[in-house]
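Worksheet for the structure shown next.
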Amino acid sequence: MLDVSRVQKELVEIKRDEKLSGVSIEISEGDLTRMRGTIGGPHGTPYEGGVFIVDIQLPSAYPFEPPKMQFVTKVWHPNISSQNGAICLDILKDQWSPALTLKTALLSLQALLSTPEPDDPQDAVVAQQYLRDYATFMGTARYWTESFAKRGALGIKEKLVKLVEMGFSEDTARVALENCGGDENAALEKLCGG
Amino acid sequence: MHWIKKNTKKAHNTTEQNYPQQRRSDRHEKLKWHAVASWTWDAHDDACGICRMAFDGCCPDCKMPGDDCPLMWGACNHAFHLHCILKWVNSQSPRPQCPMCRRDWKFRAE
């Protein structure tokens, strides 16, 4: 049986300092076993400025078993599947402890965004790129953050349309956007400059 | 300063003189009394790290705190509700670790 009172306490605790911690949780439709976590992309990383949504499922044996977490927002990161958002993180597997909480798990995911472990990858393609061509990795990660993790901002498609309207070809505009991590102004400068 | 001191002393003496008389007239016998005591676990922490309930409360499976829902200490000195740590240890055999410090879990010898 799920320890309901502990889960409720955890939710209150997360709510209490969600502005400070940068992580928050919403329950889906009154079902305590299904939640949505959000993580702010850490500063100084290609994920900065993005808001990443994580699907959380609590097994009935929680907290004696780890919560199941998976990224809903697409992320370009060696330890997160670019296909389905599956996460490779030890505390969500064999290193789980009942003294950990949903909040500490989300904070660990935030820390994982800051410090990728390419030697223990979830996504081999991303990990290879990280190890062999770090600059391209950073560009792609920023581009994905820009395209998938920013709400309110112009989507990448709209930015592309704007650049094409200015007279650049779609292909060169896309490459420029990708190289600038989705920053339309930087892309425009690049297109004009060279 | 000296004057105040003197005065205080005087006042004090007056009360002392009156006291025995007053006390005699207020005398009464105690017919009934009941004692009130409180207890607390000496756990160096407020709440169980597994269920997050207060140590002076009980684990989620129990209704009454106290001897029926005791605390248990590990050799590492971390305490949990007995019922909570047993659930964890049983789910982690053969080599359970302390939920707090990940050292191999051993029940502390009393």
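A:PHE64 passes every criterion in (1) surrounded by 20 or more Cβ atoms within 10 Å (Cβ to Cβ); (2) more than 26 Å from A:PHE148 (Cβ to Cβ) apart from (1).
In the list A:THR172, A:THR145, which residue meets the criterion of being modelled with pLDDT of 85 or more, open to solvent by 30 Å² or more (accessible area, probe 1.4 Å) and of a type in the set (Val, Ile, Thr)? Break it down into steps so the answer makes sense when it comes.
Working: A:THR145 fails: open to solvent by 30 Å² or more (accessible area, probe 1.4 Å).
Being modelled with pLDDT of 85 or more, open to solvent by 30 Å² or more (accessible area, probe 1.4 Å) and of a type in the set (Val, Ile, Thr) holds for just one of A:THR172, A:THR145, which is A:THR172.
Pairs are defined by a Cβ separation below 6 Å, a sequence spacing of at least 6 or placement on different chains, a first member in region A:162-182 that is in a helix (DSSP H, G or I), and a second member that is open to solvent by 80 Å² or more (accessible area, probe 1.4 Å); the pairs so defined are A:VAL164/A:GLU170; A:ALA176/A:LYS190.
For the structure I just gave you, tell me whether A:GLY37 is more than 25 Å from A:GLN8 (Cα to Cα) and under 19 Å from the mean Cα position of the chain (by Cα). Judged against the criteria, A:GLY37 is not a match.
Hey, does region B:32-45 have a residue that's within 21 Å of A:LEU2 (Cα to Cα), at pLDDT 85 or above and within 30 Å of the chain's Cα centre (by Cα)? Spell out the reasoning first.
Step one: filter region B:32-45 for residues within 21 Å of A:LEU2 (Cα to Cα), giving none.
Among the residues of region B:32-45, not one is within 21 Å of A:LEU2 (Cα to Cα), at pLDDT 85 or above and within 30 Å of the chain's Cα centre (by Cα), which makes the answer no.
Given the criteria more than 14 Å from chain B (Cβ to nearest Cβ) and either within 26 Å of A:ARG142 (Cβ to Cβ) or free of Cβ contacts under 8 Å to residues at least 12 places away in the same chain (or both), does A:ILE25 qualify? Break it down into steps so the answer makes sense when it comes.
Working: more than 14 Å from chain B (Cβ to nearest Cβ): yes; either within 26 Å of A:ARG142 (Cβ to Cβ) or free of Cβ contacts under 8 Å to residues at least 12 places away in the same chain (or both): no.
So A:ILE25 does not fit the description; no.
The residue pairs whose first member lies in region B:58-77 and is closer than 17 Å to B:ASP45 by Cβ, whose second member is of a type in the set (Lys, Arg), and whose beta carbons are closer than 6 Å, counting only pairs six or more residues apart or on different chains, are B:TRP73/B:ARG108; B:GLY74/B:ARG108; B:ALA75/B:LYS106; B:ALA75/B:ARG108; B:CYS76/B:ARG103.
Reported count of residues in region B:27-80, each being charged (D, E, K, R) and within 14 Å of chain A (Cβ to nearest Cβ), is 5. Does any residue in region A:72-98 that is more than 14 Å from chain B (Cβ to nearest Cβ) and open to solvent by less than 20 Å² (accessible area, probe 1.4 Å) come within less than 6 Å, Cβ to Cβ, of a residue that is charged (D, E, K, R) and part of a loop (DSSP other than H, G, I, E, B) six or more places away or on a different chain, and which pairs are these? Matching pairs, first to second residue: A:ASN79/A:GLU117; A:SER81/A:ASP123; A:SER82/A:ASP123. Consider A:PRO59 carefully, then state whether it is surrounded by fewer than 17 Cβ atoms within 10 Å (Cβ to Cβ), within 14 Å of chain B (Cβ to nearest Cβ) and either in contact with a Pro (Cβ under 7 Å, 6 or more places away or on another chain) or at pLDDT 95 or above (or both). Judged against the criteria, A:PRO59 is a match. Among the listed residues A:THR101, A:THR33, which satisfies the condition of being at pLDDT 95 or above and of a type in the set (Val, Ile, Thr)? After ruling out the rest, the residue left standing is A:THR101.
Output the residue which, of all residues in region B:86-100 that are facing chain A (nearest Cβ under 9 Å) and either among the aliphatic types (A, V, I, L, M) or in a loop (DSSP other than H, G, I, E, B) (or both), is surrounded by the most Cβ atoms within 10 Å (Cβ to Cβ). Filtering region B:86-100 for residues that are facing chain A (nearest Cβ under 9 Å) and either among the aliphatic types (A, V, I, L, M) or in a loop (DSSP other than H, G, I, E, B) (or both), the one surrounded by the most Cβ atoms within 10 Å (Cβ to Cβ) comes out as B:PRO99. Looking only at residues of region B:59-85 that are open to solvent by less than 60 Å² (accessible area, probe 1.4 Å) and at pLDDT below 90, we find that the one that is nearest to B:TRP39 (Cα to Cα) is B:GLY66. Can you pull out the residues in region A:112-129 that are part of a helix (DSSP H, G or I) and open to solvent by 50 Å² or more (accessible area, probe 1.4 Å)? Once the filter is applied, which keeps residues that are part of a helix (DSSP H, G or I) and open to solvent by 50 Å² or more (accessible area, probe 1.4 Å), region A:112-129 yields A:SER114, A:ALA124, A:VAL125, A:GLN128. Taking the criterion of being under 22 Å from B:CYS48 (Cα atoms), open to solvent by 30 Å² or more (accessible area, probe 1.4 Å) and of a type in the set (D, E, K, R), the residues of region A:1-46 that qualify are A:LYS9, A:GLU13, A:LYS15, A:ARG16, A:ASP17.
The values are calculated or read from the model by the stated rules, or taken from the named source; none is laboratory data. If you're wondering where the values come from, they're calculated on a predicted model, not measured in any experiment. Every residue, glycine as well, gets a Cβ built from its backbone with ideal geometry; the counts of neighbours run over all protein chains shown. Each accessible area value is taken on the protein alone, full model and side chains, heavy atoms only, with ligands, DNA and RNA left out. Shrake-Rupley method; radii C 1.70, N 1.55, O 1.52, S 1.80 Å.
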